[in-house]
Amino acid sequence: MEKKFTFKRKSIFLLMLFSVLTFGQRALAQQRQINGKVNGAANGLPIPGAVVKVKGKTGGVSTDSQGLYRISAETGDILQFSSIGFVAKEIKVGAANVIDINLEDDLQNLSEVVVVGYGVQQKKLITGATVQVKGETLQKQSSTNALQGLQGLTPGVQIASTSGQPGEGMKVTIRGLGTVGNSGPLYVVDGVLTGDITYLNPADIESIDILKDAASAAIYGSQAANGVVLVTTRQGKRGQSAQITFDMYAGIQDVAKKAELLNSAQYASMMNEAAINGGKQPIFSNAEIDALGAGTNWLDEMLVKNAPTQNYVLGASGASETSVYSLGLSYTGQAGVVGGKKLSNYQRYGFRINSEHNFYKDILKIGQHLTYSDIKNNGIGVGNQYNNSLRGAFNTSPFVPVYDDQGNFFDNSKSTWNNGEANPYALMVLNNQNRRNTQRLLGDIYLVVEPIKNLKFRTSLGMDYSAGESNSFKPIYNLSIYAYNTVTSASQSMNKGKSLIWDNLLSYKFDLKKDHVFEVMAGSSAYRADGSNIFGTNTNLIFEDLDHAWLSNALNKNSAGIIIGGGPIDADRRLSYFGRLNYNYKEKYLINATFRADGSSRFAAQNRWGYFPSVSAGWIVTNESFLEGQKGWLDFLKLRASWGQVGNQNIAAFQYLSPITFDKVNYIFGDKEGVLTPGAYPSRLGNPNVKWETSEQTDLGFDATLLKGKLSVNFDWYKKTTKDWLISAPILATAGALPPFINGGNVKNSGLELAVSYKSHINEFNYSIGINGAYNKNEVGKIPTADGIIHGSSNQLYDNSSEFYRAENGFPIGYFWGLKTAGIFQNVDEVANYKAPNGKVIQPAAAPGDVKYVDQNGDGIIDNLDRGMIGKPNPDYTFGINLTADYKGFDFSLVASGVVGNDIVQSYRNQSGQYGNYTTRILDRWHGEGTSNTIPRVTDDNRNWTSFSDLYLQKGDYLRLSNITIGYDFGKVLKKSYLKQLRLYASALNVYTFTKYDGMDPEIGYGTEGFASGIDIGYYPRPRTFLFGANLRF
């Protein structure tokens, strides 16, 4: 019995051993390393970064710089090869251990997806007007601001600098100005709503998608009247092998073009001429003028050369079988070209971590996006005429020295020429001793559940948190009889803000008989924002410098020198419900419909909800059988049409209420003087009927690819009407309170957009040419005021200057309102013969050399009735040019952008006084018959400049060579397995600007205040930059 049992055990053991050896050998025989190379079929060049994975399994690898890969697989597995811009391919693993693949160009970018509101969609199925710029393209622009990198790349989107000072923002206008209020777009970063993206390093961005038409933007409802900018930060990709990247550049900056000012001799001659023209004796003798020399060139003193700029980014990304990740660590530093690093400087430290983790075979996904930035900056004044440090350089005479004999800033108080003018360089230094620090944390955490295939529920909680502080120091100084400070002071401020957004989305994609494909999505969004600030100023400091500019360092206890304030930032609450339906039939007929309902705390209960629908349709004509014979030249043609409505709620909170103020409100009752009784009064009139602005837009367009993918054309026509503007009502001063907001006024923007690109190759030489342009017409409709006008501000161009811009029925927003000129009077006969139809001499007080104004209404009098539109700040045309080329390891790119059809108001000189300096343009003035018919004579009362006219205007057209880059990838020479790329490059930014504008920079994207724009009162210019950089991939 024992022997029988032993034999049985041995038999079982031998059988098990035989099975293990048999199946183990079989498994070992099947599981092996497959390697090969992935090339482009069109040119035979390797494709770096292509993803190779086993179908049905997680994980994967990516090709190196030579297109080589290595992956573990079994016989019978399906290998999937994919790369952006190429058609994906599948190959079954056979007996061979080497599998080389050629991927065909994706002629219509069929595999490419673009970001849309709350999701992504294949580019070929998009029915709205959108434009996408990849992060790689942005990074090649080597700009500190991602929006600046978009210039010249996005038709229909005008992007202009608000200042050349480091860290300043950009003005983004999508399809024309739609309001006299806040006209900026909505920014959405990884699904989180935010106000700007200057905190982002361009190297952290995967893509930027701009939703231009209402059908695309309507899913964001009340925030989308001015368009939507969707930013996706870098993500890890499934199937991607681990990768470490390092990108850097460093360079120097200089002012590209400097305005030329009069030197001392020229200035004295001009003062003499002004005195003589005013019937006075000359002020300076010829000998005195000869002895003056050049004097001080204040622009030379305030502008610096070789200001440094630098950027360093370390990144890591990759994936495992169940997770993907992407990390980034960055530093950006840029010094200003006005004042240098001590007065104008920007530093940004950034950290980013994005990851996603899959559980239960992708049934559950959990992930997060997180970007942190720490910004330290200081700067000079770049605002209106009273807060613009550079403006003083244009007005101060060259007579004033910079320093006295002891090396101190020169005190001009005892000047016998003009003791009211002060050293502008000293004012810039002494009045701009400040430091600012801002921390920003933006991101979200999300969960996606997919219980059955294509049925997804996604919930996310996003946050945008910011905290900032600043301090400044003002020393004692005396520079003139008007420019002095008698006591040291310190100012401090702190602020914080936080917004939370909770989104919930349920989506389901299904098909009927495989021909009818539906995708439905419903969702809700809850948003809340809160914040607070506190600030204070005190005087008489113990330690007198910026390092000790704290309130605790001040000794003053007199309330006259103390300023304290602060409080909460108005709370913002919104609740939204939205839905979207996508349908396509055989990817031939496309329909998209969205609807959003928004409730906002900024409106009274009866007007709290706004409703924003949209519908769009597309027809992929090339999928029709009747075009089968045209495939040789017409690869893809899609016709699009859309209509939608979006909203704007950008007014201050609680405008439907009348707030009560108690500050400095006292009353006297009875017969006794000086006995004050505290009181209160309504500080603003409320309007419970105020409601949303609404923008309605219609769009027609097409997308086409021709000549086997070489030529692509995108075209759009649009008409956008923004109505029910949120404007301040005109009321009489006797109302005793600030005016309420009302709805009224509308504007129509209509235009065309065209983008054409051509790409091809000659053997290993690849090249592409891209040209885009847009035309926009802006016209205000009916404004509900007595005169149909929203008036611009006065006192903007110089002291006590009059209104010069406005919005009015039938004209563009912010047009320049003034007198039109008809040349210069050359002699007394011309003055006498310039008559109205009734025989009246129009300008009887004029003299030869004075400007001739056009009597528009023919009544013989030059007054406000003769004023009209003499120019406009917004261009008719915007355009961009993009050239790229590469040959083996070399690459070249050029980006240019420009505008046509706008005007710039230039007002460097303060015309309220007689002593301000001039630019050398004044040398072409009238100084005798026939000497000039464009620039009038100089006078000590500035009579030809105190009435706003087209003398102030210059054409703002320009073509700017924004970026030229040449690089070489040494990784193709070194051919190290661990080194995918080692690219070194040289770039020039703001290389040259073709323009007739004689100021320092024609790209002026700001105004002095309100809805004004295109006004140069001393604009901080955008620098020209030369830099070297490197891109490393491991």
| request: Working only within the stretch 795-850, note down all residues that are more than 17 Å from Arg943 (Cα to Cα), of a type in the set (Val, Ile, Thr) and part of a strand (DSSP E or B). | output: Val841
| field | Selection from the stretch 580-595 of residues that are assigned to a strand (DSSP E or B) and either touching a residue at least 60 places away in the same chain (Cβ under 8 Å) or crowded, with 17+ Cβ neighbours inside 10 Å (or both) | value | Arg580, Leu581, Asn582, Tyr583, Asn584, Tyr585, Leu590, Ile591, Asn592, Ala593, Thr594, Phe595
| remark: Of the conditions (1) touching a Lys or Arg at 6+ places or on another chain (Cβ under 9 Å); (2) at pLDDT 90 or above; (3) within 29 Å of Lys509 (Cα to Cα), the single one that Lys134 does not satisfy is (1)
| task | Answer yes or no: is there a residue in the stretch 126-144 that is within 10 Å of the chain's Cα centre (by Cα) and closer than 15 Å to Tyr187 by Cα. | result | no
| note | Log entry, pairs with first residue in the stretch 187-206 being farther than 22 Å from Ser317 by Cα, second being crowded, with 22+ Cβ neighbours inside 10 Å and polar (S, T, N, Q), beta carbons closer than 8 Å, six or more apart or on different chains, reads Leu193/Gln223; Thr198/Asn145
| remark: Apart from one, (1) more than 29 Å from Gly1014 (Cα to Cα); (2) in contact with a Gly (Cβ under 6 Å, 6 or more places away or on another chain); (3) among the hydroxyl-bearing types (Ser, Thr, Tyr) all hold for Ser389; the odd one out is (1)
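Can Lys53 be described as closer than 29 Å to Ile244 by Cβ, modelled with pLDDT under 85, touching a strand residue (DSSP E or B) at 6+ places or on another chain (Cβ under 7 Å) and not hydroxyl-bearing (Ser, Thr, Tyr)? Step through it out loud before you land on a result.
Values: closer than 29 Å to Ile244 by Cβ: yes; modelled with pLDDT under 85: yes; touching a strand residue (DSSP E or B) at 6+ places or on another chain (Cβ under 7 Å): yes; not hydroxyl-bearing (Ser, Thr, Tyr): yes.
Yes; evaluated as a whole, the condition is true for this residue.
Considering Leu479, Leu390, which residue is in contact with a helix residue (DSSP H, G or I) (Cβ under 8 Å, 6 or more places away or on another chain), over 30 Å from Gly191 (Cβ atoms), modelled with pLDDT of 95 or more and crowded, with 21+ Cβ neighbours inside 10 Å? First the steps, then the outcome.
On the way: Leu390 fails: modelled with pLDDT of 95 or more.
Within the list Leu479, Leu390, the selection yields Leu479.
Could you identify the single residue in Thr919, Thr884 that is among the β-branched types (Val, Ile, Thr), outside the structural domain of Thr416 (by TED's automatic domain parsing) and in contact (Cβ under 8 Å) with a residue 60 or more places away in the chain? Talk me through it step by step, then tell me what you get.
Numbers: Thr884 fails: outside the structural domain of Thr416 (by TED's automatic domain parsing).
Within the list Thr919, Thr884, the selection yields Thr919.
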| request: Could you identify the single residue in Gly745, Gly751 that is at pLDDT below 90 and within 20 Å of Gly644 (Cα to Cα)? | output: Gly745
| message | Exactly one of these conditions fails for Ser897: (1) outside any loop (DSSP other than H, G, I, E, B); (2) more than 29 Å from the chain's Cα centre (by Cα); (3) within 24 Å of Ala259 (Cβ to Cβ). Give me its number. | response | (2)
| said: Looking at the stretch 919-946 only, could you name the residues that are surrounded by fewer than 19 Cβ atoms within 10 Å (Cβ to Cβ) and in contact with a strand residue (DSSP E or B) (Cβ under 8 Å, 6 or more places away or on another chain)? | reply: Thr919, Thr920, Ser932, Asn933, Thr934
| note | Scanning the stretch 503-524 residue by residue, those of a type outside the set (S, T, N, Q) and buried (at least 16 other Cβ atoms within 10 Å of the Cβ) turn out to be Asp503, Leu505, Leu506, Val517, Glu519, Met521, Gly523
| field | Residues of the stretch 642-667 classified as of a type in the set (A, V, I, L, M, F, W, C), assigned to a strand (DSSP E or B) and touching a Gly at 6+ places or on another chain (Cβ under 8 Å), total | value | 1
| said: Anything in the stretch 210-240 that is under 21 Å from Lys123 (Cα atoms), of a type in the set (S, T, N, Q) and part of a helix (DSSP H, G or I)? List them, or say none. | reply: Ser216
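Considering Tyr331, Tyr325, which residue is without any contact (Cβ under 8 Å) to a residue 24 or more places away in the chain, of a type outside the set (Val, Ile, Thr) and assigned to a strand (DSSP E or B)? Lay out the reasoning, then the answer.
Numbers: Tyr325 fails: without any contact (Cβ under 8 Å) to a residue 24 or more places away in the chain.
None of the others qualify; the one that does is Tyr331.
Output the residues belonging to the stretch 804-826 that are polar (S, T, N, Q) and either at pLDDT 95 or above or buried (at least 20 other Cβ atoms within 10 Å of the Cβ) (or both).
Within the stretch 804-826, Thr821, Gln826 meet the criteria.
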| request: Check Gly999, Gly971, Gly967, Gly1010 and return the single one that is closer than 30 Å to Gly871 by Cα, touching a strand residue (DSSP E or B) at 6+ places or on another chain (Cβ under 7 Å) and not β-branched (Val, Ile, Thr). | output: Gly999
| Scanning the stretch 919-955 for residues that are within 35 Å of the chain's Cα centre (by Cα) and assigned to a helix (DSSP H, G or I), which turns out farthest from Met869 (Cα to Cα)? | Thr920
| task | Check whether at least one residue in the stretch 447-470 is at pLDDT 95 or above, of a type in the set (D, E, K, R), assigned to a strand (DSSP E or B) and more than 30 Å from Ile126 (Cβ to Cβ), and report yes or no. | result | yes
| query | If you check Ser801, Ser760, which single one turns out to be among the hydroxyl-bearing types (Ser, Thr, Tyr), surrounded by fewer than 18 Cβ atoms within 10 Å (Cβ to Cβ) and at pLDDT 90 or above? | reply | Ser760
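The values are calculated or read from the model by the stated rules, or taken from the named source; none is laboratory data. The shown structure was predicted, so the numbers you read here are calculated from the model rather than taken from an experiment. Methodologically, a virtual Cβ is constructed for each residue, glycine included, from the backbone with ideal geometry; neighbour enumeration extends over all protein chains shown.
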